[in-house]
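Trainee: Got a structure for you, written out below as structure tokens; questions coming shortly.
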Amino acid sequence: MSDTLLAPDVATYALRLGDDALVLAQRLGEWVANAPQLEEDVALANIALDLLGQARSLLTYAGASEGQGRTEDDLAFLRDERAFVNVTMVEIANGDFGVTMARQLCFSTYQLGLYDVLRASSDETLAGVAGKAVKEVAYHRDHATQWVLRLGDGTDESHNRMQAGLERVWPHVDELFEADDLERRLSATGVGVDTSTLRAPWDAYVDGVLARAGLTRPDASWLAAGGRRGLHTEAFGHLLAEMQHLHRSHPGASW
Amino acid sequence: MSEPRSTQEWPLWEVFVRARRGLSHQHVGSLHAPDATMALRNARDIYTRRSEGVSLWVVPAAAIVASSPDEKDEFFDPAGDKAYRHPTFYDIPDEVQHL
């Protein structure tokens, strides 16, 4: 990478990807001891921990690129809502298992496409994180796919709830593929990924799953936007309060 | 929202893990899953998340035929006093290793 000029861009970019992973990890962690089966508790916790690992690497790198001495903990626990730059999809409340699986299918398909391209980034750290994470996310997508197929093609009740889950998540899909100037600058220099190129493969995969599951691709009646600019949904403040409470109440606490 | 509960429990599966190439699969435990595909995934999540294995088998617990405790006497006791079945009556030369 051509370092100093790009560093602030890279810091923001790593923060975006790191926030996506961190917030989704927090959401999935809420399922622990609440999932329909003990086996799913463990599966969702595993996925959450994969994402948390990605978040740690990315936030650490964001702090280093920013050059103001902020650590991963500073970034995770001491920023306020407007400073988080994750997409709004990852902050959608868990809802029932159908909503969570719809969110998992949509997000992991996006994240897999993104990491797959990012593996070839000219930025060694980003390429390294993506290279390791791509295998993890391939499993996340498979896990969600298996469940969407079974719930969509299951009983009337499971089908209806899976369809309702998709309807809940769908308004947040377009935001995933909204490229801005920063992203275009970084993809032009081979550091970042132009997410608009990920849309067609995303559609192909998700449409394929929905067709096999007998589910209908929703028509979003409204579109979420603004997560990358720090504009979040109401649910996000509550998530942050829970996630940051311990660290803010006991600064510097450690195990 | 109504929460209709399934009255049917998921079937039980027995899980076997091969720790590394060259070893045989060992029974490590069991889990519940709706079908074989999900059983394999649950097994991956529950029994290999700390790098315990390179290969997994899942077997429907109902497919396992087990010896009955009632047959314990005729099945296993007769072997108890047949010490000559153990290969311990040979002198092993000192040069032979790894036995």
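Trainee: Among the numbered criteria (1) without any contact (Cβ under 8 Å) to a residue 40 or more places away in the chain; (2) within 14 Å of another protein chain (Cβ to nearest Cβ); (3) surrounded by 10 or more Cβ atoms within 10 Å (Cβ to Cβ), which single criterion is violated by residue B:11?
Mentor: (1)
Trainee: Enumerate the pairs (first residue in the stretch A:208-225 and aliphatic (A, V, I, L, M); second residue anywhere and assigned to a loop (DSSP other than H, G, I, E, B)) with beta-carbon separation below 6 Å, excluding pairs fewer than 6 apart on the same chain, so at least 6 apart or on different chains.
Mentor: The qualifying pairs are A:210/A:217; A:213/A:153.
Trainee: If you don't mind, another one. Taking the criterion of being more than 24 Å from residue A:179 (Cβ to Cβ), touching a helix residue (DSSP H, G or I) at 6+ places or on another chain (Cβ under 9 Å), open to solvent by less than 50 Å² (accessible area, probe 1.4 Å) and polar (S, T, N, Q), would at least one residue in the stretch A:68-75 satisfy it?
Mentor: No, the stretch A:68-75 contains no residue that is more than 24 Å from residue A:179 (Cβ to Cβ), touching a helix residue (DSSP H, G or I) at 6+ places or on another chain (Cβ under 9 Å), open to solvent by less than 50 Å² (accessible area, probe 1.4 Å) and polar (S, T, N, Q).
Trainee: Here's a follow-up. When you check residue A:168 against the structure, is it free of Cβ contacts under 8 Å to residues at least 24 places away in the same chain, of a type outside the set (A, V, I, L, M) and open to solvent by 30 Å² or more (accessible area, probe 1.4 Å), yes or no? Lay out the reasoning, then the answer.
Mentor: Working: free of Cβ contacts under 8 Å to residues at least 24 places away in the same chain: no; of a type outside the set (A, V, I, L, M): yes; open to solvent by 30 Å² or more (accessible area, probe 1.4 Å): yes.
Here the answer is no, as residue A:168 does not meet what is asked.
Trainee: Related question: Can you tell me which residue in the stretch A:54-101 is nearest to the other protein chains (Cβ to nearest Cβ), limited to those that are free of Cβ contacts under 8 Å to residues at least 24 places away in the same chain and hydroxyl-bearing (Ser, Thr, Tyr)?
Mentor: Filtering the stretch A:54-101 for residues that are free of Cβ contacts under 8 Å to residues at least 24 places away in the same chain and hydroxyl-bearing (Ser, Thr, Tyr), the one nearest to the other protein chains (Cβ to nearest Cβ) comes out as A:60.
Trainee: Now, a different point. Which residues, counting only those in the stretch B:49-82, are farther than 30 Å from residue A:135 by Cβ and either of a type in the set (D, E, K, R) or within 14 Å of chain A (Cβ to nearest Cβ) (or both)?
Mentor: Step one: of the stretch B:49-82, the residues farther than 30 Å from residue A:135 by Cβ are B:61-82.
Passing the criteria: B:70, B:71, B:72, B:73, B:74, B:77, B:81, B:82.
Trainee: Hey, another quick one. Restricting to the stretch A:112-131, name every residue that is of a type outside the set (Lys, Arg), open to solvent by 20 Å² or more (accessible area, probe 1.4 Å) and part of a loop (DSSP other than H, G, I, E, B).
Mentor: A:120, A:122, listed by residue number.
Trainee: Can I ask one more? Does residue A:128 fit the bill of being under 15 Å from residue A:10 (Cα atoms) and either away from chain B (no Cβ under 13 Å) or within 13 Å of the chain's Cα centre (by Cα) (or both)?
Mentor: Details: under 15 Å from residue A:10 (Cα atoms): yes; either away from chain B (no Cβ under 13 Å) or within 13 Å of the chain's Cα centre (by Cα) (or both): yes.
Yes, satisfied.
Trainee: Sticking with this one: As an exercise: evaluate residue A:154 against (1) assigned to a helix (DSSP H, G or I); (2) within 13 Å of chain B (Cβ to nearest Cβ); (3) over 28 Å from residue A:17 (Cβ atoms) and give the number of the one condition it does not meet.
Mentor: Looking at each condition in turn, residue A:154 falls short on (1).
Trainee: Based on what the data block shows, is residue A:34 in a helix (DSSP H, G or I) and under 21 Å from residue B:31 (Cα atoms)?
Mentor: Details: in a helix (DSSP H, G or I): no; under 21 Å from residue B:31 (Cα atoms): yes.
Spelling it out, it is not the case that residue A:34 is in a helix (DSSP H, G or I) and under 21 Å from residue B:31 (Cα atoms).
Trainee: How many residues are closer than 18 Å to residue A:87 by Cα and open to solvent by less than 30 Å² (accessible area, probe 1.4 Å) if we restrict to the stretch A:13-67?
Mentor: Of the residues in that region, 22 qualify.
Trainee: Kindly indicate whether any position in the stretch A:102-119 is in contact (Cβ under 8 Å) with a residue 40 or more places away in the chain and aromatic (Phe, Trp, Tyr). Write out each step before concluding.
Mentor: Going through the stretch A:102-119, the residues in contact (Cβ under 8 Å) with a residue 40 or more places away in the chain turn out to be A:102-107, A:109-111, A:113-114, A:117-118.
Those still in the list that are aromatic (Phe, Trp, Tyr) too: A:107, A:110.
Within the stretch A:102-119, one or more residues are in contact (Cβ under 8 Å) with a residue 40 or more places away in the chain and aromatic (Phe, Trp, Tyr).
Trainee: Pick out the one residue from A:173, A:191 that is part of a loop (DSSP other than H, G, I, E, B) and open to solvent by less than 30 Å² (accessible area, probe 1.4 Å). First the steps, then the outcome.
Mentor: Details: A:173 fails: part of a loop (DSSP other than H, G, I, E, B).
Exactly one residue qualifies, and that residue is A:191.
Trainee: Taking the conditions exactly as written (in contact with a helix residue (DSSP H, G or I) (Cβ under 8 Å, 6 or more places away or on another chain) and surrounded by 12 or more Cβ atoms within 10 Å (Cβ to Cβ)), does residue B:59 satisfy them or not?
Mentor: Working: in contact with a helix residue (DSSP H, G or I) (Cβ under 8 Å, 6 or more places away or on another chain): no; surrounded by 12 or more Cβ atoms within 10 Å (Cβ to Cβ): yes.
Criteria not met by residue B:59.
Trainee: Still on this structure, please answer the following. Starting from residues that are open to solvent by 50 Å² or more (accessible area, probe 1.4 Å) and either at positive phi or free of Cβ contacts under 8 Å to residues at least 24 places away in the same chain (or both), keep the ones in the stretch B:26-35 and report whichever is farthest from the other protein chains (Cβ to nearest Cβ).
Mentor: Here the residue is B:26.
Trainee: Quick one: would you say residue A:14 is in a helix (DSSP H, G or I), farther than 17 Å from residue A:169 by Cβ and among the small types (Gly, Ala, Ser)? Give the steps one after another, and end with the answer.
Mentor: Numbers: in a helix (DSSP H, G or I): yes; farther than 17 Å from residue A:169 by Cβ: yes; among the small types (Gly, Ala, Ser): yes.
Considered against the rule, which asks whether it is in a helix (DSSP H, G or I), farther than 17 Å from residue A:169 by Cβ and among the small types (Gly, Ala, Ser), residue A:14 comes out as yes.
Trainee: Here's something else I'd like to know. From the residues in the stretch A:216-255 that are of a type in the set (Asp, Glu) and more than 21 Å from residue A:48 (Cβ to Cβ), which one is nearest to the chain's Cα centre (by Cα)? Walk me through how you get there before you give the answer.
Mentor: Of the residues in the stretch A:216-255, the ones of a type in the set (Asp, Glu) are A:219, A:234, A:242.
Filter once more, keeping what is more than 21 Å from residue A:48 (Cβ to Cβ): A:219, A:234.
Numbers: A:219: 22, A:234: 18 Å.
This residue is A:234.
The values are calculated or read from the model by the stated rules, or taken from the named source; none is laboratory data. Keep in mind that what you see is a predicted model, and the values were worked out from it rather than measured. Positions of Cβ are generated from backbone atoms using ideal geometry, with glycine treated the same way; all protein chains shown enter the neighbour counts. To get the accessible areas, we keep the full protein, side chains included, count just its heavy atoms, and leave off ligands, DNA and RNA. Shrake-Rupley method; radii C 1.70, N 1.55, O 1.52, S 1.80 Å.
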